[in-house]
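One structure is given here, and the rest of the page talks about it.
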Amino acid sequence: MKRQPASTRSNGAGQRNGRRPVTLIPGDGIGPEVIGAAVRVIEAAGVAVAWDRQAAGAEAMRRVGTPVPDALIRSLKRTRLALKGPLETRVGEGYRSVNVYLRKTFDLYANLRPTQSFQGVPTPFRNVDLVVVRENTEDLYAGIEHQVTPGVVESVKVITAHASRRIARFAFEYAVRNRRKSVTAIHKANIMKLSDGLFLKCARAVARNYPRIRYQEQIVDAACMRLVTDPQRFDVLLLENLYGDIVSDLCAGLVGGLGMVPGANYGDRGAIFETVHGTAPDIAGKNIANPVAAILSAAMLVEFLGYKSRAARIRSAVEATLRTGRSVTPDLGGTATTSAMTDAIIRAMR
Ligand code: NAI
């Protein structure tokens, strides 16, 4: 009997007045605009959620002097579910990434990004339909860095059999449940023989339990080239943390950019659904951010809560709105505001 990996369905814990409590983290920059759009869509889909709004990142820093307030952690411990916008993280200075902190604290070990082409979205690639499964808790993101001597620093890459096996199981279980055909493990084991070698060894061992899913391996540099020459050949991609971070953004580029791709982080006891794009400070506050990534992340949350057909309705409405191309934001070649595009998606749901 196979051990069940992280659930991609809610355990239904803690209903309040028939409404499922979910922590709402609007985030920084364009976060409140796109997460606001997602909340409207969830409500229009008739899904009863009791939102517990919490600040994090730069907004929390301004308000209470820490990017991860205790109230946020208490809320997440209670709800074990969140819908989250992007959070500002300074490069090379300041506090550590709140995203990485939350994933590690709640052991949200599997990052999932379904990446799909939509008609009407300007991109040279057609019929892309792949899913990136990224290990979320270790690798160079273990955050073990030190200075050996001035001018020499070391950053430690941590790969364990435990984390490698469970992310591989997650990828294969996802493939089975979603009628996917293949899982491709992406690695650099030709150079990092021990660390990536262990990751591959675990993936191969797990693959043997899933004879109906084709298992293949590709070196990360070659995989990047193939992803931009022949993306239709990929199905489920299985990656360590750093390769997953980079390759998942590459994949987003195939389907129109970060504004188009939803994301979720799953653990055995909870999940955070989030936009994968950043805070977009250049367009924040202008009501022109593309809400699709947030709305598709909301659809993943709705499905997790057990409302599969409502999630499908949200996705179809996004698809229809993009296809007609009439009410889309400037990044998609249109002139609509975030609110107008959200209105169009809600109309398409009816
Ligand atoms: P970014 O994703 O914020 O922006 C890159 C470009 O994409 C910008 O031109 C922006 O206008 C555009 N863009 C992003 N989302 C869009 C949307 N929904 N609609 C239309 N255009 C959109 O990445 P950047 O500039 O590297 O990072 C800005 C900040 O966001 C940084 O502080 C970074 O740490 C943070 N960030 C947070 C993430 C998260 O919380 N998950 C993920 C990535 C970055």
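The values are calculated or read from the model by the stated rules, or taken from the named source; none is laboratory data. Not measured: the values here are computed from a predicted model. Because the Cβ atoms are built from the backbone with ideal geometry, glycine has one as well, and the counts that use them run over all protein chains shown. The accessibility values were calculated without ligands, DNA or RNA, using every heavy atom of the protein model including side chains. Shrake-Rupley method; radii C 1.70, N 1.55, O 1.52, S 1.80 Å.
Below is a table of values for the structure above.
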quantity: Condition check for Ile213: within 12 Å of the ligand (Cβ to nearest atom), over 15 Å from the mean Cα position of the chain (by Cα) and of a type in the set (Val, Ile, Thr); calculated: no
quantity: Count of the stretch 318-350 residues which are free of Cβ contacts under 8 Å to residues at least 60 places away in the same chain and among the aliphatic types (A, V, I, L, M); calculated: 5
quantity: Of the criteria (1) surrounded by 17 or more Cβ atoms within 10 Å (Cβ to Cβ); (2) closer than 29 Å to Arg169 by Cα, which one Lys77 fails; calculated: (1)
quantity: Filter result for Pro67 (modelled with pLDDT under 95, open to solvent by less than 30 Å² (accessible area, probe 1.4 Å) and in a loop (DSSP other than H, G, I, E, B)); calculated: yes
quantity: Positions within the stretch 122-153 being surrounded by 11 or more Cβ atoms within 10 Å (Cβ to Cβ) and assigned to a strand (DSSP E or B), in sequence order; calculated: Asp129, Leu130, Val131, Val132, Val133, Arg134, Glu135, Asp139
quantity: Hits in the stretch 154-179 - residues which are open to solvent by less than 40 Å² (accessible area, probe 1.4 Å) and either outside any helix (DSSP H, G or I) or hydrophobic (A, V, I, L, M, F, W, C) (or both); calculated: Ile159, Ala161, Ala163, Ile167, Ala168, Phe170, Ala171, Phe172, Ala175
quantity: Residue count for the stretch 276-294, restricted to those that are more than 11 Å from the ligand (Cβ to nearest atom) and closer than 13 Å to Arg113 by Cβ; calculated: 0
quantity: Val100 vs. criteria hydrophobic (A, V, I, L, M, F, W, C), open to solvent by 10 Å² or more (accessible area, probe 1.4 Å) and more than 11 Å from the ligand (Cβ to nearest atom); calculated: no
quantity: In the stretch 235-275, the residues that are within 10 Å of the ligand (Cβ to nearest atom) and within 16 Å of Asp139 (Cα to Cα); calculated: Asp245
quantity: Residue count for the stretch 210-225, restricted to those that are in contact (Cβ under 8 Å) with a residue 12 or more places away in the chain and open to solvent by 90 Å² or more (accessible area, probe 1.4 Å); calculated: 2
quantity: Top-ranked residue in the stretch 25-58 [being within 16 Å of the ligand (Cβ to nearest atom) and at positive phi; ranked as most open to solvent (accessible area, probe 1.4 Å)]; calculated: Gly29
quantity: Conditions (1) aliphatic (A, V, I, L, M); (2) assigned to a helix (DSSP H, G or I); (3) closer than 20 Å to Arg113 by Cα; number of the one not met by Leu198; calculated: (3)
quantity: Residue count for the stretch 326-350, restricted to those that are part of a helix (DSSP H, G or I), open to solvent by 10 Å² or more (accessible area, probe 1.4 Å) and within 19 Å of His277 (Cβ to Cβ); calculated: 4
quantity: Any hit, the stretch 219-229, residues being of a type in the set (Ser, Thr, Tyr) and under 24 Å from Leu332 (Cα atoms); calculated: yes
quantity: Selected residue (criterion: surrounded by the most Cβ atoms within 10 Å (Cβ to Cβ)) from residues of the stretch 244-301 that are assigned to a helix (DSSP H, G or I) and β-branched (Val, Ile, Thr); calculated: Val292
quantity: Flag if Arg323 is open to solvent by 10 Å² or more (accessible area, probe 1.4 Å), charged (D, E, K, R), more than 10 Å from the ligand (Cβ to nearest atom) and at pLDDT 95 or above; calculated: yes
